[in-house]
Amino acid sequence: MSHKEKRQRSGVRKLRFAGVLIIFLLGPSFVYGHREDYLNKSFVYLTVEPKELELEYWIGYGSDFSSPTRLVEWKQTISAEYGLTEHWMVEWFTTFIQPGRGGFRYLLTQIESRFRLFEEGEKILDPALSLEYTHSQENGKTQHLIEPTLVLSKDFSHLNFTLDLSLAKTLNTAEKVEAGYSFASRYDFVHLLR
């Protein structure tokens, strides 16, 4: 490697470091977690506080039982959530998959925006609106999906029930709009550990 190439690489590293440093200095003043905003495939009512950033990384391992081969696979996801206002947040995440013994490859990227209509517990049900855009690439096919969702949530002390009513449309196909729902419950048992 020539002296000029070494200087260029050094300059690129310094620029990356400076960029990361600027993001941390000008970014949110506090970073901490909140109650999980997904119950498997369902949203819950809460949103991230204004100007708060939540970074997540998670790993999934298992097999797709709908697949005839039932291939065991790893999924790795990186995510960032950011609170825009008291009631509005955005989230981005990207997932990579490693089927069998092969290398990791891109699976999907999703951007979601969620808006709470009221404060939690203010109404009989806690309604929120969500809009998701998903870009996925699987088996050589690229899909662009948009999915608006109505979230209805209710807390009973430490127990939560959530119902999501959604409409999904794959934008780059002739498929019709597909209606769907998801129901989930969660029990917060942290108070039992204190």
Quiz prompt | Tally, over the stretch 153-194, of residues that are in contact with a Pro (Cβ under 8 Å, 6 or more places away or on another chain) and open to solvent by 100 Å² or more (accessible area, probe 1.4 Å) | solution = 0
Self-check item: Among the candidates Arg105, Arg101, residue that is out of contact with any strand residue (DSSP E or B) (no Cβ under 9 Å at 6 or more places or on another chain) and at pLDDT below 90
Solution: Arg101
Practice problem: Answer yes or no: is there a residue in the stretch 97-104 that is closer than 20 Å to Thr149 by Cβ, of a type in the set (Val, Ile, Thr), assigned to a strand (DSSP E or B) and open to solvent by less than 50 Å² (accessible area, probe 1.4 Å). | Solution: no
Quiz item: Just wondering, is there one or more residues in the stretch 80-94 that are touching a Gly at 6+ places or on another chain (Cβ under 9 Å), assigned to a strand (DSSP E or B) and surrounded by fewer than 14 Cβ atoms within 10 Å (Cβ to Cβ)?
Solution: no
Quiz item: What are the residue pairs meeting all of these: first residue in the stretch 49-68, first residue more than 25 Å from Glu91 (Cα to Cα) and of a type outside the set (Asp, Glu), second residue open to solvent by 100 Å² or more (accessible area, probe 1.4 Å) and modelled with pLDDT under 85, Cβ atoms under 7 Å, and 6 or more apart or on different chains?
Solution: Ser63/Arg70
Quiz item: So Leu193 clears everything in (1) of a type in the set (A, V, I, L, M, F, W, C); (2) farther than 26 Å from Thr94 by Cβ; (3) in contact with an Asp or Glu (Cβ under 9 Å, 6 or more places away or on another chain) except one condition, right? Which one?
Solution: (3)
Practice problem: Inspect all residues belonging to the stretch 112-126 and state whether any of them is in a strand (DSSP E or B), in contact (Cβ under 8 Å) with a residue 24 or more places away in the chain and over 23 Å from Thr47 (Cβ atoms). | Solution: no
Quiz item: If you go through the stretch 135-152 one residue at a time, do you hit one that is more than 15 Å from the chain's Cα centre (by Cα) and open to solvent by less than 30 Å² (accessible area, probe 1.4 Å)?
Solution: yes
Quiz item: Would a scan of the stretch 61-71 turn up a residue that is open to solvent by 30 Å² or more (accessible area, probe 1.4 Å), part of a strand (DSSP E or B) and touching a Ser or Thr at 6+ places or on another chain (Cβ under 8 Å)?
Solution: no
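The values are calculated or read from the model by the stated rules, or taken from the named source; none is laboratory data. Because the structure is a prediction, the values reported are computed rather than measured. Neighbour counts run over all protein chains shown; Cβ positions are idealised from the backbone, glycine included. When the accessible area is computed, the model is the full protein with side chains, heavy atoms only, and any ligands, DNA or RNA have been set aside. Shrake-Rupley method; radii C 1.70, N 1.55, O 1.52, S 1.80 Å.
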